[in-house]
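This report concerns only the one structure given below.
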Amino acid sequence: MGSIVVTTLSVFLGMFFVFMGSIKLNQQINREMHREIRRQFVQYSKVVPMVATLGLKVSPKLYRLFIGWLELIAGLSMAFIPGRIKLVANVLLLGVTIGGIYTHFMIGDKFE
């Protein structure tokens, strides 16, 4: 029974990341949300970890596309590929999530 629950959670969480990555990459899914994400990534690109400390600039578009493709590929891997690849996908998505928390903290978003 535990295996069924873990598998189901992996598929649903993986598909959530596929959906979020798809919204970042494609405006056809939800134009308004895609527009808002594009606007927010202008702010996010200013506080990318390690890049700000090195004095480099990151293109908001490239940053959004990188995160979107990472979420899409890692989400598919997490949902449908077992073994070591799933573990790597989990670690990558954990890093994206922690980076997202850091980004929201740095730009002063409220936790609502």
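Reported count of residues in region 92-109, each being open to solvent by 40 Å² or more (accessible area, probe 1.4 Å) and either touching a residue at least 40 places away in the same chain (Cβ under 8 Å) or at positive phi (or both), is 4. Among residues belonging to region 59-80 that are more than 10 Å from the chain's Cα centre (by Cα) and among the small types (Gly, Ala, Ser), point out the one that is nearest to THR8 (Cα to Cα). Only one residue tops the list, namely ALA79. Of the helices (runs of 4 or more DSSP H) lying entirely inside region 1-79, those containing at least 2 residues that are among the polar types (S, T, N, Q) and free of Cβ contacts under 8 Å to residues at least 40 places away in the same chain are 2-25. Somewhere in region 81-91, is a residue under 29 Å from LEU9 (Cα atoms), touching a residue at least 60 places away in the same chain (Cβ under 8 Å), of a type outside the set (S, T, N, Q) and surrounded by 15 or more Cβ atoms within 10 Å (Cβ to Cβ)? Yes - at least one qualifying residue is present in region 81-91.
Out of MET15, MET33, one residue alone is of a type in the set (A, V, I, L, M, F, W, C) and more than 23 Å from VAL91 (Cα to Cα). It is MET33. Scanning region 1-15 for residues that are over 14 Å from LEU70 (Cβ atoms) and either open to solvent by 100 Å² or more (accessible area, probe 1.4 Å) or under 15 Å from the mean Cα position of the chain (by Cα) (or both) gives MET1, ILE4, LEU9, PHE12, LEU13, MET15.
The values are calculated or read from the model by the stated rules, or taken from the named source; none is laboratory data. Worth saying up front: this structure is predicted, and the values here are computed from it rather than measured. FYI the Cβ positions are ideal-geometry reconstructions off the backbone, even for glycines, and counts take in every protein chain you see. Just the protein is used for accessible areas: all its heavy atoms, side chains included, with ligands, DNA and RNA removed. Shrake-Rupley method; radii C 1.70, N 1.55, O 1.52, S 1.80 Å.
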